[in-house]
Amino acid sequence: MKQVFYDGLNFFRTLSGRRIKNGWINYRSFKAALRSKSPFHPGMPVSISVEPTTSCNLRCPECPSGLRSFTRPTGMMEMATFQKIIHELKKDLAHLFLYFQGEPYLNPNFLETVRLARAQNIYTTTSTNAHFLTSQNASETVKSGLSRMIVSMDGTSQECYEKYRIGGRLTKVIDGIKNLVIAKRAQKKHTPYIILQFLLFRHNTHQLPEVKRLAKSLGVDRLEFKTAQVYDFEKGSELIPEEDGLSRYRLNGNNQFYLKNEMLNKCWKMWHSCVMTWDGNIVPCCFDKDAKYSMGNIRNQSFREIWNGEKYLEFRSNLFSDRKGIDICRNCTEGLKV
């Protein structure tokens, strides 16, 4: 509980009057849009995901980075691209998520991007497979001021772990977490807040009791279970858990899987957040992995021009009328009716 308090305090300290006002504008604008169906948004994003790289050392079978299956270019984000987005959003942005596809630590400038964001007092999160958290990298990560780190570990034995994290070594993940915890203690820091994330698959649900024990012994701040996204889920997959409560999909009477609950024609994410790819494309959300719906590029446009540009307005309008008709929305849990 103490670490939860410090994490909350850390986020609270990043909230300026302008950022709070922008968050309120986001909320009120979204509520008004639900009534008026107007796609115009007077505020700026509260949160944004930025992609350091599309490269990855693993080959996870449900990930474009792992499959090497992108239709868009692969590469590393340049500092100039990152500096431009931060310069334009720094006064309004409350949360920066330095991750989209790929492994962030493969970008040699990754920790520099963290330091730049933290210099603007922006709460900053990343997600990693922890294979590059050497003692030195862990120490530099703590020094960078990173607010939160999500570490993916989907098995408590090598045999189970590598069924999804193909090419990965569980011992490296465990050592990486240990290095980070040691670095935090050595520097007497409460950050980054460490979340151990366990994706739920059919082959690993029997390890839930063990991962709870492991998380406690490693000294992480929180253990988080997450339902797994599966491409072409309608046909079923050996990855989908059999337990209904552990999956985002359910089997119907025709022996086909469907996404649980009713999809509504609205999406809060279109008002409070977006994603920037490594090469500067602004896309609506993390489900647009191939940047099919690029709204513009930060390299040759201002963010505000993109945010209320023709493409974004049209996309938001389509959400109000036929969200199911947008392909990237069909496997999304955002805005579902519970």
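The values are calculated or read from the model by the stated rules, or taken from the named source; none is laboratory data. None of the values given here were measured: they were computed from a predicted structure. Virtual Cβ from ideal backbone geometry, glycine too; neighbours counted across all protein chains shown. Note: areas computed on protein heavy atoms with side chains; ligands, DNA, RNA excluded. Shrake-Rupley method; radii C 1.70, N 1.55, O 1.52, S 1.80 Å.
Annotations
- Entry comment: accessible area of segment 152-235 is 49 Å² per residue, from protein heavy atoms only and a probe of 1.4 Å.
- Solvent exposure of segment 260-331 as accessible area per residue, Å², 1.4 Å probe: 41
- Partner lysines whose Cα lies under 22 Å from the Cα of Lys37, excluding those fewer than 8 positions away in the same chain, are identified as Lys266, Lys269, Lys311, Lys324, Lys337.
- Heavy-atom surface analysis with a 1.4 Å probe gives segment 206-338 a carbon and sulfur content of 47 percent of its accessible area.
- Under the Debye formula (equal points on every Cα, no solvent term), log10 I(q)/I(0) of segment 1-41 at q = 0.21 Å⁻¹: -0.70
- Put simply, the C-alpha atoms of segment 260-338 give a gyration tensor, and the ellipsoid matching it has half-axes of 23, 13, 10 Å, longest first.
- Along its principal axes, segment 135-242 has C-alpha extents of 49, 23, 23 angstrom, given from the largest down.
- Cys with no candidate disulfide partner in the chain (beta-carbon separation under 4.7 Å rule): Cys56, Cys160, Cys267, Cys274, Cys285, Cys286, Cys329, Cys332
- Given the chain, longest segment not containing exposed loop GluC sites (Glu not before Pro) (DSSP; at most 13 other Cβ within 10 Å): 1-237
- Checking every one of the trypsin sites (Lys or Arg not before Pro) in segment 14-111 against DSSP loop status and a limit of 14 other Cβ atoms within 10 Å picks out Lys37, Arg68, Lys91.
- With 5 Å bins from 0: P(r) over segment 169-227, alpha-carbon pairs, percent: 4, 17, 26, 26, 15, 7, 4, 1
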